[in-house]
Amino acid sequence: MNTEPPTGDDLQRMLVSMKETVLDRAEDRRPAPRRRGGRAGIVIGVIALLGLGATSGGVALGMIPQPFTASAPAPTPSPSEPVAPSTPESAPVQETPDPVPTPTPTSTRGPFALDDPSTWTISGDEIGPIALGGQFDAEVDDLGSGTVRPPIDDECPAPGYGAWTWDDGTVIEVLSDLDGVVRVVRVIGDDSTLERSATPSGPHTAGGSGRGATLTAIRSEYPDVHPEDPAASGPWSLWQTSSSGGTITFEIGADAETVVGIKIGDPSQLPRNVCD
């Protein structure tokens, strides 16, 4: 079955046929003529109505094709940019504090005077201004005049040696290897004039122990102190303790109690003098 609406000549023939059918039916039902003009007006009105009705019906029934108007596609919403959160006007202003600079570490060693050894502190790698591992000349250049003995000669090597004496009887000895590197620093003095004292003379440890201190005080300050030779703990014995940077050795006098000397460093790193 053809469902397409008539177009062109077919449409015209259909309209003419419909008009003729209407006119025939109107003629059959027509009453006795009264006036000519009235019938003609009715016929013309009926034909006009039929024309309008057919056209409207064709449009309504889809018989007469109408121009197709495509609807515009709905606009695609564009992604909106994120909106930055606004800060309420009543919110307090947060100020970023300036960074606090890290303080530079300072030495825990107290200040000292070059001309006063009693202000010098003894640690495992320093006695006052003299440090182990430094060059001999650089370490002793601020000590003033003293007794300095260089190595004898290449055939008979001996360590570099220097000794400085102060009015209170303190003597500082500095020994270096053949390369001029300081290996041992020693605090000694005149034992005949040394007396036990609550305030030892010359350089001292962080706890105040120096020449003239007692072995009892040393043991209190350094609980790990022990004889260098376990079999020799009496007169003229050596007692050692580990400290920051190295080892401190305390030399005990004839009474087996009084400290008569203190040294730091390792004498085994010094060359042996075999030339007499």
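Just a few scattered comments:
- Filtered residues of the range 258-276 (kept if surrounded by fewer than 19 Cβ atoms within 10 Å (Cβ to Cβ), in contact with a strand residue (DSSP E or B) (Cβ under 8 Å, 6 or more places away or on another chain) and either free of Cβ contacts under 8 Å to residues at least 60 places away in the same chain or in a strand (DSSP E or B) (or both)): none
- Residue check, S201 surrounded by 15 or more Cβ atoms within 10 Å (Cβ to Cβ), modelled with pLDDT under 90, touching a helix residue (DSSP H, G or I) at 6+ places or on another chain (Cβ under 7 Å) and assigned by TED's automatic domain parsing to the domain that holds S123: yes
- Residues in the range 154-188 that are modelled with pLDDT under 85 and on the phi > 0 side of the Ramachandran plot: G169 alone.
- The range 241-254, residues that are surrounded by 12 or more Cβ atoms within 10 Å (Cβ to Cβ) and closer than 20 Å to G189 by Cβ: I248, T249, F250, E251, I252, G253
- Residue count for the range 103-144, restricted to those that are part of a loop (DSSP other than H, G, I, E, B), out of contact with any strand residue (DSSP E or B) (no Cβ under 8 Å at 6 or more places or on another chain) and at pLDDT 85 or above: 2
The values are calculated or read from the model by the stated rules, or taken from the named source; none is laboratory data. Small disclaimer: the values here were computed from a predicted structure and weren't measured. Please note: Cβ atoms are built from the backbone with ideal geometry, for glycine as well, and neighbour counts cover all protein chains shown.
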